[in-house]
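**Q** There's a structure below that I have some questions on.
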Amino acid sequence: MSAGSNEGAGSTVGGEAIQRVDGAAAERLLPTLIEAALAAVVTMDEHGVVHAWNHRAEETFGWSAAEAVGASLVTLIVPPQYRDDHNAGLKHFRETGEGKVLGQVLELTALHRDGHEFPVELRISEAARVGSITLFIAFVLDITDRKTREAELVAAYEEARSSRQAIDEFVSMVVHELRQPMSVIMGYADLLLHELPDADEPRYSSPLHAILQKAQEASTLITDILTAAKLESGELTASRDVVDLSERARAAVDRAVPAITLRSGHLSVSGDAEPVRVLGDPGFIDTILDNLISNAINYSPRTPVVRLTVRPGEEVELTVSDEGKGIPEEMHDRIFERFVRVQDRSREPGTGLGLYVARHLAQRQNGSLELVSSRPGDGSSFSLRLPSALPDTDDRRA
Ligand code: ADP
C-alpha cells in the first residue's frame with residue numbers, strides 16, 4: 001500500500017485523488033465517533049452536570065443517555081466514599097482553572113446503577129469552552145476482567161511460591177537430618193581404619209576407605225545444598241576470623257585421603273610451612289577446598305595428580321591444580337553458574353552446585369574464585385584469593 005501525500009485539497013492515496021473533509025463536516029462526525037468508541041465516553045461541565053453519554057456508557061453504568069444527560073455525574077457513577085473528593089476537585093477547578101487529574105490515566109472504582117462497584121481506567125481531558133462553561137470529556141474502560149485476571153495471576157504466583165518454599169524447607173530439613181548420621185558413619189569408619197593392626201600402612205582399596213570417601217562426598221553434597229539454600233534466602237553471613245590457610249589446606253588434603261587413595265592418586269600441598277593468615281570464615285574455606293579437591297580428583301580420568309599451593313601476599317592465593325580432563329573454553333565462566341555441568345549428567349554423578357557455592361563463599365569473604373587455566377586433556381587450575389590478615393589482628397587467631 002502506498003503512502004498518501006498531504007498537500008492540501010490535492011492529496012492522493014495509491015495515486016487516486018482524495019477529497020478533504022472540511023472543519024464543519026468533521027465536527028458533524030464527532031457524535032458518530034463518540035458513539036462508535038470502544039470506551040464509555042462521558043462529557044460533563046465544571047459543575048459535574050452530564051452533557052453527553054454514549055451507548056457504551058449506558059452498558060457500563062446501567063443508566064440510559066436520557067436518564068444521565070442533565071444529571072449530576074457524581075451521584076450517577078461515583079461511589080459515596082469518593083464523592084467529597086470529586087466535588088472538591090471540581091470546586092478547585094472552578095476557582096483556579098487547575099485540575100490535578102486532567103490528562104492522566106487513572107485507575108478508580110466506579111458505581112453501577114445496580115449498586116455494585118467495579119474498577120475502571122479513565123482519562124479526563126478539558127474538551128471545550130462554550131461561553132463561560134468548560135466541558136470535560138472522559139473515556140472510561142471497565143477493567144473488571146483485567147483486574148480479575150491480574151488477581152488470579154498474583155494468587156497463582158503466590159501459591160507456586162509458597163509451595164516452592166514448602167518444598168525448599170522440606171529438602172533443607174531432610175538434608176539437615178542426613179548430616180548427623182553421615183558424620184557418625186565417618187567418625188566410626190575413621191576410628192576403625194586407625195584401629196587396624198598396621199594402621200600406619202596405606203591400605204589401598206580398603207573397604208573402609210570406600211566408606212569414608214562416599215561419606216565424605218555425601219557430606220560435601222549436604223553442605224552444598226544447605227549453603228545454596230541459605231544463599232538463595234540471604235541467610236548466609238561469613239565470620240571474619242584470622243585463619244591459617246596453609247593449615248586449612250593440609251586439613252582438606254587429610255579429608256581427601258580416602259578418595260585419592262582409592263584412585264591411587266597423588267595429592268600434595270606446597271608453599272609456606274609458616275602460617276599464612278587470611279581474614280575469613282573457616283567453615284566457608286573448608287567447603288571451598290573440599291569442592292575444589294573433589295572436582296580435581298573426580299574429573300581426572302587417569303591417575304589423579306592434584307597440587308595445592310599457598311602463596312602469601314596482600315591477597316593470599318591458594319591454587320588447586322590437576323592434570324585431569326580440563327574444561328572447554330566456552331564453559332570457563334558458565335561452570336560457576338548453578339546446576340551447570342560440562343558432561344552428561346547421567347554419566348558422571350554430581351549436581352553442578354559445587355563451584356557456584358564455592359565462588360559465592362569466596363566473595364562473601366571479600367575474596368574471589370577463578371578458573372585461571374584449563375585446556376581439554378591438559379588439566380585445570382583454580383585460584384582462590386582471600387584478604388591477608390593484618391599483623392595487628394593476629395591476637396584474634398581462630
Ligand atoms: P559438579 O561437580 O557437581 O558437577 P561443580 O559446580 O563443582 O559441580 O562443577 C561444575 C562442572 O565444572 C563440573 O560438572 C565439571 O564439568 C566442571 N569442572 C569442575 N571442576 C573441574 C575440574 N577440576 N576439571 C574438569 N572439569 C571440572
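The values are calculated or read from the model by the stated rules, or taken from the named source; none is laboratory data. Computed from a prediction, not measured in an experiment: that's the story for all the values here. Cβ coordinates were reconstructed from backbone atoms using ideal geometry, including for glycine residues, and neighbour counts include every protein chain displayed.
**Q** Could you list all residues from region 289-318 that are in contact with a Pro (Cβ under 9 Å, 6 or more places away or on another chain), farther than 15 Å from residue 368 by Cα and not β-branched (Val, Ile, Thr)?
**A** The initial filter retains those residues of region 289-318 that are in contact with a Pro (Cβ under 9 Å, 6 or more places away or on another chain), namely 296-298, 314-316.
If we keep only those that are farther than 15 Å from residue 368 by Cα too, we end up with 296-298.
Selection gives 296, 298.
**Q** Which condition does residue 373 not pass, out of (1) within 23 Å of residue 255 (Cα to Cα); (2) assigned to a strand (DSSP E or B), if it passes all the others?
**A** Residue 373 satisfies all of (1) within 23 Å of residue 255 (Cα to Cα); (2) assigned to a strand (DSSP E or B) except (1).
**Q** Related question: Can you run down the residue pairs with Cβ atoms below 7 Å, 6 or more apart or on separate chains, where the first is in region 186-198 and closer than 9 Å to residue 258 by Cβ and the partner is among the β-branched types (Val, Ile, Thr) and at pLDDT 85 or above?
**A** 189/211
**Q** If residue 103 satisfies every condition in (1) over 47 Å from the mean Cα position of the chain (by Cα); (2) modelled with pLDDT under 95; (3) surrounded by fewer than 17 Cβ atoms within 10 Å (Cβ to Cβ) but one, which is the exception?
**A** Unmet condition: (1).
**Q** When you scan region 47-61, do you find a residue that is out of contact with any helix residue (DSSP H, G or I) (no Cβ under 9 Å at 6 or more places or on another chain), more than 26 Å from residue 147 (Cα to Cα), buried (at least 18 other Cβ atoms within 10 Å of the Cβ) and in contact (Cβ under 8 Å) with a residue 60 or more places away in the chain, even just one? Write out each step before concluding.
**A** Our first condition is that a residue be out of contact with any helix residue (DSSP H, G or I) (no Cβ under 9 Å at 6 or more places or on another chain); within region 47-61, this holds for 51, 59.
Then keep just the ones that are more than 26 Å from residue 147 (Cα to Cα); that gives 51.
With the extra rule that they be buried (at least 18 other Cβ atoms within 10 Å of the Cβ), the set shrinks to 51.
Imposing the further condition that a residue be in contact (Cβ under 8 Å) with a residue 60 or more places away in the chain reduces the set to 51.
Scanning region 47-61, I find at least one residue that is out of contact with any helix residue (DSSP H, G or I) (no Cβ under 9 Å at 6 or more places or on another chain), more than 26 Å from residue 147 (Cα to Cα), buried (at least 18 other Cβ atoms within 10 Å of the Cβ) and in contact (Cβ under 8 Å) with a residue 60 or more places away in the chain, so the answer is yes.
**Q** Determine which single condition residue 65 fails, assuming it passes every other condition in (1) under 50 Å from the mean Cα position of the chain (by Cα); (2) closer than 26 Å to residue 132 by Cβ; (3) modelled with pLDDT of 95 or more; (4) of a type outside the set (Val, Ile, Thr).
**A** So the condition that residue 65 fails would be (1).
**Q** Of the residues 267, 279, 212, only one is away from the ligand (no atom under 16 Å from the Cβ), surrounded by 19 or more Cβ atoms within 10 Å (Cβ to Cβ), part of a strand (DSSP E or B) and not β-branched (Val, Ile, Thr); which?
**A** Values: 267 fails: away from the ligand (no atom under 16 Å from the Cβ); 212 fails: part of a strand (DSSP E or B).
One residue alone meets the criteria, 279.
**Q** Can you spot a residue in region 335-348 that is at pLDDT 95 or above, surrounded by 18 or more Cβ atoms within 10 Å (Cβ to Cβ), under 12 Å from residue 374 (Cβ atoms) and near the ligand (Cβ under 7 Å from one of its atoms)?
**A** Yes - at least one qualifying residue is present in region 335-348.
**Q** Would you check if residue 309 is within 16 Å of the ligand (Cβ to nearest atom), assigned to a strand (DSSP E or B) and among the hydroxyl-bearing types (Ser, Thr, Tyr)? It would help to see each step written out before you state the result.
**A** On the way: within 16 Å of the ligand (Cβ to nearest atom): yes; assigned to a strand (DSSP E or B): yes; among the hydroxyl-bearing types (Ser, Thr, Tyr): yes.
Yes; evaluated as a whole, the condition is true for this residue.
**Q** On to the next question. If residue 212 satisfies all but one of (1) at pLDDT 90 or above; (2) more than 34 Å from the chain's Cα centre (by Cα), what's the number of the condition it fails?
**A** Among (1) at pLDDT 90 or above; (2) more than 34 Å from the chain's Cα centre (by Cα), residue 212 violates only (1).
**Q** So which residues in region 316-329 are away from the ligand (no atom under 11 Å from the Cβ) and either part of a loop (DSSP other than H, G, I, E, B) or modelled with pLDDT under 95 (or both)? First the steps, then the outcome.
**A** Pass one, region 316-329, residues away from the ligand (no atom under 11 Å from the Cβ): 316-319, 329.
Selection gives 329 alone.
**Q** Within region 349-383, can you find the residues that are farther than 14 Å from residue 292 by Cβ and near the ligand (Cβ under 7 Å from one of its atoms)?
**A** Once the filter is applied, which keeps residues that are farther than 14 Å from residue 292 by Cβ and near the ligand (Cβ under 7 Å from one of its atoms), region 349-383 yields 351, 352.
**Q** Name the single residue that is modelled with the lowest pLDDT among those in region 253-264 being assigned to a loop (DSSP other than H, G, I, E, B) and either surrounded by 14 or more Cβ atoms within 10 Å (Cβ to Cβ) or touching a helix residue (DSSP H, G or I) at 6+ places or on another chain (Cβ under 9 Å) (or both). So that I can check it myself, show each step before the final result.
**A** Taking region 253-264 first, the residues assigned to a loop (DSSP other than H, G, I, E, B) are 256, 263-264.
Checking which are either surrounded by 14 or more Cβ atoms within 10 Å (Cβ to Cβ) or touching a helix residue (DSSP H, G or I) at 6+ places or on another chain (Cβ under 9 Å) (or both) leaves us with 256, 263.
Numbers: 256: 92, 263: 88.
Ranking the candidates gives 263 first.
**Q** Testing residue 301 on (1) within 16 Å of the ligand (Cβ to nearest atom); (2) outside any loop (DSSP other than H, G, I, E, B), one condition comes back false. Which one is that?
**A** (2)
**Q** Every residue in region 312-334 that is at negative phi, crowded, with 17+ Cβ neighbours inside 10 Å and not hydrophobic (A, V, I, L, M, F, W, C), please.
**A** Within region 312-334, 312, 317, 319, 321, 322, 323, 324, 325 meet the criteria.
**Q** Same structure, new question: Which condition from (1) more than 10 Å from the ligand (Cβ to nearest atom); (2) under 20 Å from residue 259 (Cα atoms); (3) in contact with a Ser or Thr (Cβ under 9 Å, 6 or more places away or on another chain); (4) outside any strand (DSSP E or B) is the one that residue 291 breaks?
**A** Here residue 291 clears every test but (1).
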